[in-house]
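Here's the structure, in structure tokens; my notes come after.
The values are calculated or read from the model by the stated rules, or taken from the named source; none is laboratory data. All values reported here derive from a predicted model rather than from experimental measurement. Using ideal geometry, Cβ is built from the backbone for each residue, glycine included, and neighbour counts are taken over all protein chains shown. To get the accessible areas, we keep the full protein, side chains included, count just its heavy atoms, and leave off ligands, DNA and RNA. Shrake-Rupley method; radii C 1.70, N 1.55, O 1.52, S 1.80 Å.
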Amino acid sequence: MRILATFSLACLLGVDAETGLAQSSGIIFRDITKQSGLHKPLAGIMGHGAAVGDFDGDGKVDIYVGGFCDRPNAEYTPAKGPVHNYLFRNLGNGKFAVVDQPVVSYFGRTSGAVFADLRNSGNLDLYAANNTKGKTNKTGEPQRSAQIRYSQLFKNDKGKFTDVTESSGACPKTLRTARNIGVFDYDGDGLLDLFVVEDRFIAKPNCRLFRNLGDMKFKDVTREAGLPEDIHGLGLAVADLNGDGRPDFFVAHSNRLFLSQIKNGKTTYREAVELKDVLGWKPLNREDWPCGAAFADLNNDGRLDLVLTIHCTQARNRVFINDGLKNGIPQFRDVTKEVGLGDTVPIRCPHVEVQDFDNDGLPDIYTSAAWMDDKGNITPLIYRNLGVKNGLPRFAPLFPVKPAGEGSEPAGSGGKMVYFPAGPTLDFDNDGRIDLFLVNWFQGNHCRLLHNQSAKRNWLDVFVQGKKMNRMGIGAQVRIYRTGTKTLLGFQEVTTGYGYASGQVAYCHFGLNDVVAVDVEVKLPSGQRINRAKVAANQRLTIGE
């Protein structure tokens, strides 16, 4: 197995000793965790899930963090014991403040979270997935109650949360080992449904599809929608791959792709068994788990490709290019080695997203692994997009990837490798550059807010606000073109809850490099297209249905 490769020094990233900035050709982050107000409350948290979103409607992205609270007190040092979940309000000056709402600040085993407007009210509700034991062997608190807490659903009324778990129908006691939460309108009725991924670490795992009935009421329609009752997984990616206006989804770990089909106005799903050989996984050992998944157009051909990252100390991450539809089936092809991700990463890579971190117009691949130097500085594992050649994108990591146990790190490396279970991207200061929030699990490290301070290039954020469709615009597809032409500059679908254990802001961020204006086309799930010509760069654009 080939593990180590040599990469061009132009793509390497280092840490400036004076400024503490992680630097590369085009991508620069600064760790501002302590000054932001996030460090002290989260010190010692055994963090596993996070959601970002504007829960109070003030135009700034807030943060929710959850962790596992059932371990012995000593495992949470420097805290005196388990650290509960936290909700933070973005104050808009680079700082965050703890929100005093005990209902969401509980002790549990929170393995994922997402903000979503489930009532089309303009308020982001909160679903927190809990990996419950179902029973407890603990006698002390809060460990005892943490083990038996099931998933939670909270209704948001103008920034105040209310627990509607018991009455919602979306958190049944039969749903135990919940992980990722998919948010999409599977039946096209304008209400966002929930697909909760359950892991395989119980006797009979079963991911669940909950149909939104309105007023925070849900019905389990897994069987009704044609989904088998033996799906297990960790991460999730959702997008309309077959072009029928309904969401399709890929469940990572079992590596199963489900495609929508509409008959007599009713949506059901069928598994794309034709892709089992392509997407299938042969594990190296019992802990070699496909985990994070994301759909993104990597080579700018107007089709959504698939990136899959692996929860293993020999992470063989994968990239699948979408060659188009054949008999209604997207033809994915494994191009991992050709595009530059063929080297095994010697650390777990749970979460994944595709974002243009340097706004050069080329989407980069980020996974929640990182290098940590002897001063504690963190450099995230980002594969920078170098451009497209012969129809395929080319990527290079910010440091050479070095296998564990082979002596000292190579010259120019960032130190030892560490990982974070969750790590949603966000633009917390609305400057058009994508920042990172990394959720820490381990002693000797801590959660990180990394501020993107890359050189300023042009950008555009596109939000879609639905009227007949869901208000968040989830499922809308956004294309940007060079003005006055059909030269495609970028293609994305509005989504959230993808990757692993993370919830993101539902919008499309495009880096534009030196382009000052673009034409924008939004395709709604209904098939309606909305066009805007000569849209100026460097703005947050909302397009209403």
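Applying 1/(1 + (r/R0)^6) with R0 = 41 Å to the Cβ-Cβ distance of D334 and R223, what FRET efficiency is obtained, to the nearest 0.05? Walk me through the numbers before you get to the answer.
Values: r = 32 Å, r/R0 = 0.79.
With a Förster radius of 41 Å, E is 0.80.
Inter-part distance, the stretch 170-225 to the stretch 359-390, computed on C-alpha centroids, equals 33 Å. The slack between D163 and Q35, meaning 0.36 nm per residue of separation minus the straight C-alpha distance, is 42.9 nm.
Across the stretch 354-365, computed HN-Hα scalar couplings (Karplus, 6.51 cos²θ - 1.76 cosθ + 1.60, θ = phi - 60°) run 10, 9, 8, 6, 9, 6, 8, x, 10, x, 9, 9 Hz from first to last residue, x flagging Gly and Pro.
Which links in K60/K80; K34/K456; K40/K80; K60/K95 stretch past 22 Å when you go from one Cα to the other? Walk me through the intermediate numbers first.
On the way: K60/K80 32 Å; K34/K456 24 Å; K40/K80 13 Å; K60/K95 11 Å.
Going by Cα-Cα distance, K60/K80; K34/K456 fall outside the 22 Å limit.
Using the 1.4 Å probe convention, the accessible area of the stretch 251-376 works out to 37 Å² per residue with neighbouring protein chains retained. Only aspartates and glutamates eight or more places from K534 in sequence, or on another chain, were considered; those with a Cα closer than 15 Å are D461, D514, D519, E521. Give me the percent of the accessible area of the chain that comes from carbon and sulfur atoms, probe 1.4 Å, all protein chains in place. Its accessible area is 48 percent carbon and sulfur atoms. For Q465, the residues 5 or more places off, or on other chains, whose built amide H falls under 5 Å of its own are I543, G544, E545.
For the chain, what is the percent of antiparallel DSSP beta bridges, rounded to the nearest 5? Each step should come with its number before you reach the end.
Working: 125 of 133 bridges.
In the chain, approximately 95 percent of DSSP beta bridges are antiparallel ones.
Packing, as the average of other Cβ atoms within 10 Å across residues, places the peptides 140-151, 435-446 in the order 435-446, 140-151, highest first.
With a cut-off of 15 Å between beta carbons, the residues surrounding N390 carry a summed charge of +1, where Lys and Arg count +1 and Asp and Glu -1.
Pairs K135/K219; K217/K468; K204/K282; K158/K263; K389/K486: which exceed 27 Å Cα-Cα?
Working: K135/K219 25 Å; K217/K468 19 Å; K204/K282 21 Å; K158/K263 39 Å; K389/K486 20 Å.
Checking Cα-Cα distances, K158/K263 exceed 27 Å.
Rank-order 481-487, 388-394, 36-42, 248-254 by packing density, defined as the average count of other C-beta atoms within 10 Å over each peptide's residues, highest first. Show your work: numbers first, answer last.
Numbers: 481-487: 12.3, 388-394: 14.6, 36-42: 19.1, 248-254: 26.1.
Taking the mean over residues of other Cβ atoms within 10 Å, the ranking is 248-254, 36-42, 388-394, 481-487.
Looking at the stretch 483-536, none of the chymotrypsin sites (Phe, Trp or Tyr not before Pro) sits in a DSSP loop with at most 15 other Cβ atoms within 10 Å of its own Cβ. Cβ-Cβ distance of N531 and N242, R₀ of 30 Å, FRET efficiency by 1/(1 + (r/R0)^6): the value works out to about 0.80. For the peptides 287-296, 90-99, 362-371, the ranking by packing is 362-371, 287-296, 90-99, with the highest mean count of neighbouring Cβ atoms within 10 Å listed first.
Over the chain, what relative contact order in percent results from Cα pairs under 8 Å that are six or more residues apart?
On the way: 1634 pairs, mean separation 85.3, N = 545.
Across the chain, relative contact order equals 16 percent.
Which entry in (i) 21.6, 68; (ii) 31.9, 109; (iii) 22.7, 71 is this structure's computed Rg and Dmax of the Cα atoms in Å? Calculated Rg and Dmax of the Cα atoms in Å: the matching label is (i).
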